[in-house]
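Peer 1: Below is one structure. I have some questions about it.
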Amino acid sequence: MKGIVFTEFLQMVEDVFSANMVDDIIDETNPASGGAYTNVGTYDHREIVNMVIELSKRTGIGVNELIRSFGQHLFMRFTLGYPGFFQGIDDAFVFLSGIENIIHAEVRKLYPDAELPRFETEYYDAKKLILLYKSSRHFEDLAEGLILGCIDHFKQNISVQRETVGDGESRYERFSLNLLD
Ligand code: HEM
(Lines give C-alpha, C1' and ligand atoms only; values in the text may rest on other atoms or scores of the structure.)
Protein backbone atom coordinates (compact mmCIF):
# COMPACT_ATOMS: atom_id res chain seq x y z
CA MET A 1 0.00 0.00 0.00
CA LYS A 2 1.22 3.49 -0.82
CA GLY A 3 2.94 5.42 1.93
CA ILE A 4 0.47 8.30 1.74
CA VAL A 5 -2.12 6.05 3.40
CA PHE A 6 0.33 5.32 6.25
CA THR A 7 1.48 8.91 6.73
CA GLU A 8 -2.11 10.17 6.79
CA PHE A 9 -3.08 7.43 9.23
CA LEU A 10 -0.23 8.18 11.63
CA GLN A 11 -0.88 11.92 11.40
CA MET A 12 -4.52 11.30 12.32
CA VAL A 13 -3.46 9.14 15.28
CA GLU A 14 -1.14 11.91 16.43
CA ASP A 15 -3.84 14.60 16.08
CA VAL A 16 -6.66 12.60 17.68
CA PHE A 17 -4.61 10.77 20.34
CA SER A 18 -0.94 11.75 20.73
CA ALA A 19 2.57 11.46 19.33
CA ASN A 20 3.25 8.89 22.06
CA MET A 21 0.41 6.76 20.75
CA VAL A 22 2.09 6.79 17.31
CA ASP A 23 5.36 5.62 18.86
CA ASP A 24 3.60 2.98 20.94
CA ILE A 25 1.67 1.36 18.06
CA ILE A 26 4.81 1.32 15.89
CA ASP A 27 6.97 -0.11 18.69
CA GLU A 28 4.42 -2.73 19.63
CA THR A 29 3.70 -3.97 16.08
CA ASN A 30 7.36 -3.80 15.03
CA PRO A 31 6.65 -3.35 11.27
CA ALA A 32 9.09 -4.98 8.83
CA SER A 33 9.57 -1.60 7.11
CA GLY A 34 10.82 -0.10 10.38
CA GLY A 35 7.86 2.28 10.64
CA ALA A 36 9.43 5.31 8.92
CA TYR A 37 6.93 5.88 6.10
CA THR A 38 7.21 8.28 3.17
CA ASN A 39 4.30 9.29 0.92
CA VAL A 40 5.78 7.73 -2.20
CA GLY A 41 7.10 4.52 -0.62
CA THR A 42 5.18 1.24 -0.82
CA TYR A 43 4.62 -0.94 2.24
CA ASP A 44 2.87 -4.14 3.20
CA HIS A 45 -0.79 -3.27 3.87
CA ARG A 46 -0.75 -5.67 6.84
CA GLU A 47 1.47 -3.18 8.69
CA ILE A 48 -1.41 -0.68 8.84
CA VAL A 49 -3.86 -3.43 9.80
CA ASN A 50 -1.59 -4.42 12.71
CA MET A 51 -1.28 -0.81 13.85
CA VAL A 52 -5.07 -0.35 13.75
CA ILE A 53 -5.52 -3.53 15.82
CA GLU A 54 -3.00 -2.21 18.37
CA LEU A 55 -4.69 1.20 18.41
CA SER A 56 -8.00 -0.53 19.03
CA LYS A 57 -6.54 -2.42 22.01
CA ARG A 58 -5.15 0.77 23.49
CA THR A 59 -8.23 2.96 22.94
CA GLY A 60 -11.08 0.46 23.32
CA ILE A 61 -12.50 1.66 19.97
CA GLY A 62 -13.41 -1.15 17.57
CA VAL A 63 -11.16 -1.91 14.60
CA ASN A 64 -13.97 -1.44 12.07
CA GLU A 65 -14.90 1.91 13.54
CA LEU A 66 -11.29 3.09 13.56
CA ILE A 67 -10.81 2.16 9.89
CA ARG A 68 -14.12 3.79 8.91
CA SER A 69 -13.22 7.00 10.74
CA PHE A 70 -9.83 6.97 9.08
CA GLY A 71 -11.49 6.63 5.66
CA GLN A 72 -13.66 9.64 6.39
CA HIS A 73 -10.63 11.66 7.47
CA LEU A 74 -8.59 10.48 4.46
CA PHE A 75 -11.23 11.69 2.04
CA MET A 76 -11.08 15.16 3.58
CA ARG A 77 -7.29 15.07 3.17
CA PHE A 78 -7.68 14.01 -0.48
CA THR A 79 -9.89 17.06 -1.13
CA LEU A 80 -6.96 19.21 0.04
CA GLY A 81 -4.16 17.22 -1.58
CA TYR A 82 -5.76 16.54 -4.98
CA PRO A 83 -7.97 19.59 -5.73
CA GLY A 84 -7.85 18.84 -9.46
CA PHE A 85 -10.05 15.80 -8.99
CA PHE A 86 -12.82 17.99 -7.60
CA GLN A 87 -12.89 20.71 -10.22
CA GLY A 88 -16.36 21.17 -11.71
CA ILE A 89 -17.88 18.40 -9.56
CA ASP A 90 -20.59 19.29 -7.04
CA ASP A 91 -22.26 15.94 -6.55
CA ALA A 92 -21.22 12.82 -4.62
CA PHE A 93 -22.75 10.40 -7.14
CA VAL A 94 -20.84 11.99 -10.02
CA PHE A 95 -17.60 11.79 -8.03
CA LEU A 96 -18.10 8.26 -6.70
CA SER A 97 -19.21 6.81 -10.02
CA GLY A 98 -15.86 8.02 -11.42
CA ILE A 99 -13.57 6.38 -8.84
CA GLU A 100 -12.58 3.48 -11.07
CA ASN A 101 -12.22 5.15 -14.46
CA ILE A 102 -11.22 8.68 -13.46
CA ILE A 103 -9.85 8.96 -9.90
CA HIS A 104 -8.04 5.68 -9.43
CA ALA A 105 -7.05 5.69 -13.12
CA GLU A 106 -5.19 8.96 -12.41
CA VAL A 107 -3.80 7.58 -9.15
CA ARG A 108 -2.40 4.65 -11.14
CA LYS A 109 -0.58 7.09 -13.44
CA LEU A 110 0.89 8.93 -10.43
CA TYR A 111 1.84 5.71 -8.60
CA PRO A 112 2.21 2.83 -11.08
CA ASP A 113 2.73 0.38 -8.21
CA ALA A 114 -0.50 1.33 -6.40
CA GLU A 115 -2.62 -1.61 -5.32
CA LEU A 116 -6.08 -0.31 -6.02
CA PRO A 117 -9.43 -1.98 -5.47
CA ARG A 118 -12.04 -2.44 -8.21
CA PHE A 119 -15.18 -0.33 -8.06
CA GLU A 120 -18.00 -1.34 -10.37
CA THR A 121 -21.11 0.75 -10.81
CA GLU A 122 -24.02 -1.69 -10.71
CA TYR A 123 -26.74 0.96 -10.94
CA TYR A 124 -26.70 4.72 -11.32
CA ASP A 125 -29.43 7.34 -11.63
CA ALA A 126 -30.07 10.74 -10.04
CA LYS A 127 -31.48 9.17 -6.84
CA LYS A 128 -29.58 5.93 -6.44
CA LEU A 129 -26.04 4.64 -6.87
CA ILE A 130 -24.94 1.05 -6.29
CA LEU A 131 -21.18 0.43 -6.13
CA LEU A 132 -19.47 -2.93 -5.88
CA TYR A 133 -16.14 -2.87 -4.03
CA LYS A 134 -13.77 -5.73 -4.85
CA SER A 135 -10.31 -6.08 -3.36
CA SER A 136 -8.18 -8.93 -2.10
CA ARG A 137 -7.16 -6.59 0.73
CA HIS A 138 -10.76 -6.34 1.97
CA PHE A 139 -10.70 -2.76 3.13
CA GLU A 140 -14.47 -2.49 2.97
CA ASP A 141 -14.52 -0.39 6.13
CA LEU A 142 -12.03 2.01 4.55
CA ALA A 143 -14.24 2.17 1.45
CA GLU A 144 -17.27 2.95 3.63
CA GLY A 145 -15.37 5.70 5.45
CA LEU A 146 -14.22 7.22 2.14
CA ILE A 147 -17.80 7.13 0.83
CA LEU A 148 -19.06 8.81 4.02
CA GLY A 149 -16.28 11.40 3.76
CA CYS A 150 -17.31 12.08 0.17
CA ILE A 151 -20.94 12.59 1.21
CA ASP A 152 -19.79 14.96 4.01
CA HIS A 153 -17.74 16.90 1.50
CA PHE A 154 -20.60 17.45 -0.93
CA LYS A 155 -23.01 18.10 1.98
CA GLN A 156 -25.78 15.89 0.60
CA ASN A 157 -28.42 13.88 2.41
CA ILE A 158 -27.50 10.38 1.23
CA SER A 159 -28.05 7.11 3.08
CA VAL A 160 -25.50 4.32 2.77
CA GLN A 161 -26.25 0.63 3.17
CA ARG A 162 -23.76 -2.15 2.69
CA GLU A 163 -23.96 -5.90 2.34
CA THR A 164 -21.42 -8.62 1.75
CA VAL A 165 -22.06 -10.70 -1.35
CA GLY A 166 -20.71 -14.26 -1.53
CA ASP A 167 -18.16 -15.70 0.83
CA GLY A 168 -14.52 -16.72 1.05
CA GLU A 169 -11.87 -14.96 -0.98
CA SER A 170 -14.27 -14.01 -3.80
CA ARG A 171 -16.66 -12.12 -1.53
CA TYR A 172 -17.23 -8.47 -2.28
CA GLU A 173 -19.16 -5.58 -0.78
CA ARG A 174 -22.21 -3.88 -2.28
CA PHE A 175 -22.76 -0.26 -1.26
CA SER A 176 -26.25 1.12 -1.95
CA LEU A 177 -26.53 4.89 -1.78
CA ASN A 178 -29.88 6.68 -1.84
CA LEU A 179 -30.38 10.42 -2.20
CA LEU A 180 -32.98 11.29 0.41
CA ASP A 181 -34.24 14.71 -0.65
C1 HEM B 1 -9.44 12.10 -4.51
C2 HEM B 1 -9.87 10.93 -4.23
C3 HEM B 1 -9.05 9.67 -4.08
C4 HEM B 1 -7.69 9.49 -4.20
C5 HEM B 1 -6.64 10.53 -4.52
C6 HEM B 1 -7.43 8.09 -3.92
C7 HEM B 1 -6.18 7.53 -3.88
C8 HEM B 1 -5.88 6.30 -3.40
C9 HEM B 1 -4.54 5.82 -3.11
C10 HEM B 1 -3.25 6.60 -3.34
C11 HEM B 1 -4.65 4.57 -2.62
C12 HEM B 1 -3.52 3.64 -2.16
C13 HEM B 1 -3.13 2.69 -3.22
C14 HEM B 1 -2.13 1.72 -2.68
O15 HEM B 1 -2.25 1.39 -1.56
O16 HEM B 1 -1.18 1.29 -3.36
C17 HEM B 1 -6.08 4.26 -2.58
C18 HEM B 1 -6.58 3.09 -2.12
C19 HEM B 1 -7.91 2.89 -1.90
N20 HEM B 1 -8.94 3.69 -2.35
FE21 HEM B 1 -8.79 5.49 -3.20
N22 HEM B 1 -8.60 7.45 -3.68
C23 HEM B 1 -9.59 8.38 -3.76
C24 HEM B 1 -10.92 8.19 -3.57
C25 HEM B 1 -11.44 7.00 -3.13
C26 HEM B 1 -12.83 6.82 -2.79
C27 HEM B 1 -13.92 7.89 -2.87
C28 HEM B 1 -12.95 5.54 -2.39
C29 HEM B 1 -14.15 4.79 -1.92
C30 HEM B 1 -15.35 4.95 -2.32
C31 HEM B 1 -11.65 4.92 -2.45
C32 HEM B 1 -11.35 3.65 -2.06
C33 HEM B 1 -10.09 3.14 -1.86
C34 HEM B 1 -9.80 1.94 -1.09
C35 HEM B 1 -10.83 1.09 -0.35
C36 HEM B 1 -8.41 1.78 -1.13
C37 HEM B 1 -7.56 0.70 -0.40
C38 HEM B 1 -6.98 -0.36 -1.32
C39 HEM B 1 -7.90 -1.53 -1.49
O40 HEM B 1 -9.06 -1.51 -1.02
O41 HEM B 1 -7.50 -2.52 -2.12
N42 HEM B 1 -10.76 5.84 -2.93
N43 HEM B 1 -6.78 5.32 -3.08
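The values are calculated or read from the model by the stated rules, or taken from the named source; none is laboratory data. Bear in mind the structure is a predicted one, so any value in this text is a computation, not a measurement. Glycine gets a Cβ as well: all are built from the backbone with ideal geometry, and neighbour counts include every protein chain shown. SASA here: full protein model, heavy atoms, side chains in, ligands and nucleic acids out. Shrake-Rupley method; radii C 1.70, N 1.55, O 1.52, S 1.80 Å.
Peer 1: So which pairs qualify, if the first residue must be in the range 70-88 and surrounded by 13 or more Cβ atoms within 10 Å (Cβ to Cβ), the second must be of a type in the set (V, I, T) and assigned to a helix (DSSP H, G or I), the Cβ gap must be under 7 Å, and the two must be at least 6 apart or on different chains?
Peer 2: F85/I103; F86/T79
Peer 1: Quick check on my filter: what residues within the range 134-164 are assigned to a strand (DSSP E or B) and over 16 Å from Q72 (Cβ atoms)?
Peer 2: If the condition is that a residue be assigned to a strand (DSSP E or B) and over 16 Å from Q72 (Cβ atoms), then K134, Q161, E163, T164 are the ones that fit.
Peer 1: Check the range 41-53 and report whether any residue there is free of Cβ contacts under 8 Å to residues at least 40 places away in the same chain, in a helix (DSSP H, G or I) and of a type in the set (D, E).
Peer 2: No, the conditions are met nowhere in the range 41-53.
Peer 1: Output the residue which, of all residues in the range 157-177 that are farther than 15 Å from L132 by Cα and open to solvent by less than 50 Å² (accessible area, probe 1.4 Å), is modelled with the lowest pLDDT.
Peer 2: Looking at the filtered set, the residue picked out is G168.
Peer 1: Step by step: first the residues of the range 90-117, then only those that are in contact (Cβ under 8 Å) with a residue 60 or more places away in the chain and more than 15 Å from G41 (Cα to Cα), then the one that is nearest to the ligand (Cβ to nearest atom). Which residue is that? Write out each step before concluding.
Peer 2: The initial filter retains those residues of the range 90-117 that are in contact (Cβ under 8 Å) with a residue 60 or more places away in the chain, namely 90-93, 96, 111, 113-115.
Next, only the ones that are more than 15 Å from G41 (Cα to Cα) stay: 90-93, 96.
Numbers: D90: 15, D91: 13, A92: 9, F93: 12, L96: 6 Å.
So the residue we want is L96.
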